[in-house]
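Read the structure below first, then the notes.
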Amino acid sequence: MRHDYIPKKLPHRDEQINCLGGIVAPVLRGSPCSNAFIYGKTGTGKTAVTKYVLNMLTSKSRELGSSVGICYVNCRLAGTEYRVLSSLCEALDVRVPFTGLAVGEVFDRFKQGLDAQKKIFIVVLDEIDALIKARGDTLLYELTRVNETLRHGRTSIIGISNDLRFKEFLDPRVLSSLSEEEIVFRPYDAAELQEILWKRAQVAFSENALQDSAVALCAALAAAEHGDARRALDLLRVAGELAEREGADCVSEEHVRQAEKRVEHDRIVEVLENLPVHSKLVLCSVYLLGKTKVSYSITGDIYGIYCELCEQSGLSPLTQRRVSGLISELDMVGLLNARVVSMGRYGRTKKIRLGIGRSLVRMVFSNSDRLRDLVGYVPTCLTGP
């Protein structure tokens, strides 16, 4: 029932599996494959399908004696170019210190290791949009051009993104270097989610431990949101844990209702913890403005505090236009509420406030080494003359 479990068969994703399999198949003949980009909302099977296909590719390459290397990196967790490159080096058994080298030096070691091993190396960059939005597209550009400087090794990129507008953030030179193929994952409907849950449940649960109505409710709740299989699995797993603690004979609809409340809280915490650092600083700025008892903030005020927080953290601030884009993204996921109001002859402005409880923001950010001090910070613009 966990997200990282890859079943032997992935229902309702045969088309995507065959498409990705066709893209990467040339590496078995010793030829580099095309770059590929995979798009779709959270929980639509992007990562599961990619790992499933690459596991099969690895098995077949061993059988045929092909020299193929694969490295999977979650860019949201890695966070920086250095850590992404460090993961790539580690997959090639190239020693790189945890910190201390220039990014250029780490990249050179990666290229040397790849050339020395004469491998076709597939780099999977999951949640690549998080890295691009926070750090820019320099690393992606370098990786797309690396084959020009290699003598023996070759590399291909598989990017996975939740943001269908991801390519809008890329420089035209990067887009021209990519020459990628695209695969789009549509959300699951309720019937598909129900089948996925039953296949997992046959392995995870004892016989007769699930009511049909409980599985149907999990599928319906997840499908009503946006067809998120992870959410459906989480609901059923937590419902099962709750039923087990109660000593119940089977999982009922009531257990699913209780699980929904718990999962919703946990999911917000997970989203907050995994936000890119600049998005966290924007959210922290709105949180600090809320201390003044102002019901709504405007973009200019938020940007002023955000710049102070960047200075306190030793980071270079983004432009106000980019921060406005981050506010829109946070509004889209429900962490902020932003509404445009008319100011009459003074035009229109965007009024922004937290979309979640202040105590939740304080709890999550207080557990972060980088943000712990900032939650209690008093910006100069709020202290008065």
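The values are calculated or read from the model by the stated rules, or taken from the named source; none is laboratory data. Small disclaimer: the values here were computed from a predicted structure and weren't measured. Here Cβ is always computed from backbone atoms with ideal geometry, including for glycine, and neighbour counts include all displayed protein chains.
Say whether the condition of being within 19 Å of the chain's Cα centre (by Cα) and more than 17 Å from Ile160 (Cβ to Cβ) is met by at least one residue in the range 71-81.
Yes - at least one qualifying residue is present in the range 71-81.
Taking interchain pairs and intrachain pairs at least six residues apart, which have beta carbon atoms under 6 angstrom, with the first residue in the range 103-132 and farther than 14 Å from Val73 by Cβ and the second of a type in the set (Lys, Arg) and assigned to a strand (DSSP E or B)?
Ile120/Arg154
Among the residues of the range 200-225, how many are assigned to a loop (DSSP other than H, G, I, E, B) and in contact with a strand residue (DSSP E or B) (Cβ under 9 Å, 6 or more places away or on another chain)? Outline the logic, then answer.
The first filter runs over the range 200-225 and keeps only residues assigned to a loop (DSSP other than H, G, I, E, B), leaving 205-209, 211.
Next, only the ones that are in contact with a strand residue (DSSP E or B) (Cβ under 9 Å, 6 or more places away or on another chain) stay: 205, 209, 211.
Qualifying residue count for the region: 3.
Restricting to the range 35-47, give me the number of residues that are buried (at least 20 other Cβ atoms within 10 Å of the Cβ) and closer than 17 Å to Pro187 by Cβ.
Counting residues in the range 35-47 that are buried (at least 20 other Cβ atoms within 10 Å of the Cβ) and closer than 17 Å to Pro187 by Cβ gives 8.
Identify the single condition in (1) within 30 Å of Glu15 (Cα to Cα); (2) surrounded by fewer than 20 Cβ atoms within 10 Å (Cβ to Cβ); (3) not assigned by TED's automatic domain parsing to the domain that holds Pro32 that Glu207 does not satisfy, given that it satisfies every other one.
The number of the failed condition is (1).
Yes or no, residue by residue, for (1) at pLDDT below 90; (2) outside the structural domain of Arg237 (by TED's automatic domain parsing); (3) within 24 Å of Lys119 (Cα to Cα):
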residue	(1), (2), (3)
Arg2	yes, yes, no
Lys9	yes, yes, no
Ala25	no, yes, yes
Ser31	yes, yes, yes
Gly40	yes, yes, no
Gly43	yes, yes, no
Ala48	no, yes, no
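Would you confirm whether or not the range 161-173 contains a residue that is surrounded by fewer than 20 Cβ atoms within 10 Å (Cβ to Cβ) and over 26 Å from the mean Cα position of the chain (by Cα)?
No.
What is the one condition in (1) modelled with pLDDT of 90 or more; (2) touching a Lys or Arg at 6+ places or on another chain (Cβ under 8 Å) that Ile70 does not satisfy?
It fails just one condition, (2).
Regarding the range 52-66, can at least one residue be identified that is over 24 Å from Pro7 (Cα atoms) and among the small types (Gly, Ala, Ser)?
Yes - at least one qualifying residue is present in the range 52-66.
Tally up the residues in the range 40-76 that are under 28 Å from Val277 (Cβ atoms) and part of a helix (DSSP H, G or I), please. Can you show your working first?
As a first pass, look at the range 40-76 and keep what is under 28 Å from Val277 (Cβ atoms): 40-44, 46-48, 50-51, 71-76.
Then keep just the ones that are part of a helix (DSSP H, G or I); that gives 46-48, 50-51, 75-76.
So the answer is 7.
Taking the conditions exactly as written (surrounded by fewer than 18 Cβ atoms within 10 Å (Cβ to Cβ), in contact with a Ser or Thr (Cβ under 8 Å, 6 or more places away or on another chain) and either in the same structural domain as Leu326 (by TED's automatic domain parsing) or under 21 Å from Ile70 (Cβ atoms) (or both)), does Glu181 satisfy them or not? Spell out the reasoning first.
Numbers: surrounded by fewer than 18 Cβ atoms within 10 Å (Cβ to Cβ): yes; in contact with a Ser or Thr (Cβ under 8 Å, 6 or more places away or on another chain): yes; either in the same structural domain as Leu326 (by TED's automatic domain parsing) or under 21 Å from Ile70 (Cβ atoms) (or both): yes.
For Glu181, the condition - surrounded by fewer than 18 Cβ atoms within 10 Å (Cβ to Cβ), in contact with a Ser or Thr (Cβ under 8 Å, 6 or more places away or on another chain) and either in the same structural domain as Leu326 (by TED's automatic domain parsing) or under 21 Å from Ile70 (Cβ atoms) (or both) - is met.
Would you call Glu253 without any contact (Cβ under 8 Å) to a residue 12 or more places away in the chain, out of contact with any Gly (no Cβ under 6 Å at 6 or more places or on another chain) and not β-branched (Val, Ile, Thr)?
No: the conditions fail for Glu253.
So Arg109 passes all but one of these: (1) modelled with pLDDT of 90 or more; (2) crowded, with 21+ Cβ neighbours inside 10 Å. Which condition number does it fail?
(2) is the only condition that Arg109 fails.
Starting from residues that are among the β-branched types (Val, Ile, Thr) and modelled with pLDDT under 85, keep the ones in the range 237-273 and report whichever is surrounded by the fewest Cβ atoms within 10 Å (Cβ to Cβ). I'd like the intermediate steps shown before the answer.
Of all residues in the range 237-273, those among the β-branched types (Val, Ile, Thr) come to 238, 251, 256, 263, 268-269, 271.
Filter again for modelled with pLDDT under 85, leaving 263, 268-269, 271.
Working: Val263: 19, Ile268: 19, Val269: 14, Val271: 16.
Within the range 237-273, the match that is surrounded by the fewest Cβ atoms within 10 Å (Cβ to Cβ) is Val269.
Within the set of pairs 6+ apart or on separate chains, which have a first residue in the range 1-22 that is more than 13 Å from Leu233 (Cα to Cα), a second that is assigned to a loop (DSSP other than H, G, I, E, B), and C-beta atoms under 7 Å apart?
Leu10/Gly45; His12/Tyr188; Arg13/Gly45; Ile17/Leu10
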